[in-house]
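The values are calculated or read from the model by the stated rules, or taken from the named source; none is laboratory data. Computed from a predicted model, the values in this text were never measured in an experiment. Here the Cβ is made from the backbone with ideal geometry for all residues, glycine too, and neighbour counts use every protein chain on show. Just the protein is used for accessible areas: all its heavy atoms, side chains included, with ligands, DNA and RNA removed. Shrake-Rupley method; radii C 1.70, N 1.55, O 1.52, S 1.80 Å.
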Amino acid sequence: METALKRSDLTTLTHANTAFKVLGAISFSHLLNDMIQSLIPAIYPLIKNSLSLDFTQIGLITLTFQITASLLQPLVGLYTDHHPLPYSLSIGIGCTLIGLIILSFAPSYGILLVAAAMVGTGSSVFHPESSRVARMAAGGRYGLAQSIFQVGGNAGSAIGPLLAALIVVPQGQRSIAWFSIAALIAMVVLWKVGDWYKPRRFQVGGFKKSQIPERELPYPTIVRSVAVLLGLIFSKNFYTASITSYYMFYLITKFHLSIQSAQIYLFVFLSAVVLGTLLGGHIGDRIGRRQVIWVSILGAAPFALILPHADLAWTGPLTFVIGFILASAFPAIIVFAQELLPGKVGMVSGLFYGFAFGMGGVGAAVLGKLADMYGIEYVYQICAYLPLLGLLTVFLPNIKRASLA
């Protein structure tokens, strides 16, 4: 009996029902997890003043959070590919909860870094396993499943700054502790997801391990393609870091907005990211992931180049369009990478989520240094050219979407 499936067998096997309740549960948990994480950059203006921090120190907080997550995620994913841990999802959120409590009472810069590291550790456990659950529950609609999972995180990242403007800014740093309720809710929901995951833990992408399709692309092509995808992640997340970490400072400096008004503009950008993520995976299932990647990275370039020269009336719409277009890439990139390396869902998810986190952290640190040296507006003049790296998509192979699990 053959241990691997041929192309002709896969179309039938992927016609399983999509488990929308499970996808909804992990998307909701992703919303709560990333809402908590987004409180870190949302309180930067507060702690910058209260602790007398410069932009470089602000960037190092983001770097600590992102690097902690990025270094651990591929290792967690690689381990769970061979030893699935259904209830590790709740444990990951538990680490985030501890970091949140430390963050709310942190009296010094060093303690803030510890809190950021704990939140990063929670993310390193949560994301690879949640991405695996999304693929298991996809029923063959892998792009849609990744979009549903990711859109929860994007929605949480959008809601976080808004809640920070309404609660944390007027009430102060210690009010962050109230968000521990959200972490506890996520832990309960993810424990239930673990109950669903446990009897299916030896499946990959809806298949038993003995049915995982063989790799059909040459090894050099896979290596080149993974390198290209990581380059596109670099472009997307480096640019996104300029918005999530410094957009409020840009608006405050250039247009003299208040902190709360600037947070509303950040919410608009992050809302666009939600919409782009939701549509990107679904469109990729229908027209092909390579086509979506082409448009979603390179298509943002004209708007990014205009942004540094726009007035306030155009800045909001431009960042909305940029966020929408860029965000549509990530579900397509993740699923494309999973199709390159069938049977390694955890490792691939951990690598790409981890690299995305890492590039966000490195970007925040580097851009913070540039802002200190040359001013915050210079940051956006430099970052405007990053989406042009979307031209790297020409080196990606065409993969038949029904061919790989």
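Numbers below:
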item: List 255, 269, ordered by accessible area with a 1.4 Å probe, largest first; result: 255, 269
item: Spin-label model distance (nm) - residue 185 vs residue 224, 7 Å beyond Cα toward Cβ; result: 4.9
item: Distance between modelled label sites at residue 79 and residue 178, nm, 7 Å Cα→Cβ extension; result: 3.6
item: Potential extension, residue 260-residue 372 segment - 0.36 nm per residue separation minus Cα distance; result: 38.0 nm
item: Using alpha-carbon coordinates, inclination of helix 345-374 to the longest axis of the chain, degrees; result: 20
item: Cα-Cα over 22 Å, subset of 48/236; 236/344; 21/236; 48/254; 236/369; 192/236; result: 48/236; 236/344; 21/236; 192/236
item: Acute angle (nearest 10 degrees) that the helix 312-327 long axis makes with the longest principal axis of the chain, alpha-carbon atoms; result: 20
item: Farthest toward positive dipole pole in the chain [+1 Lys/Arg, -1 Asp/Glu at C-beta], among 375, 313, 235; result: 235
item: Relative contact order of segment 63-132, pairs being alpha-carbon contacts under 8 Å that are 6 or more residues apart, as %; result: 51
item: Relative compactness, the chain, computed as alpha-carbon Rg over 2.2 N^0.38 Å; result: 0.94
item: Angle between the chain longest axis and helix 109-136 axis [Cα atoms, degrees, rounded to 10]; result: 30
item: Accessible heavy-atom area order of 95, 383, highest first, probe of 1.4 Å; result: 95, 383
item: Most positive-pole-ward Cα, 165, 272, 146, against dipole of segment 129-278 from beta carbon charges; result: 146
item: Residue 200 accessible area, assembled protein chains, probe 1.4 Å, Å²; result: 80
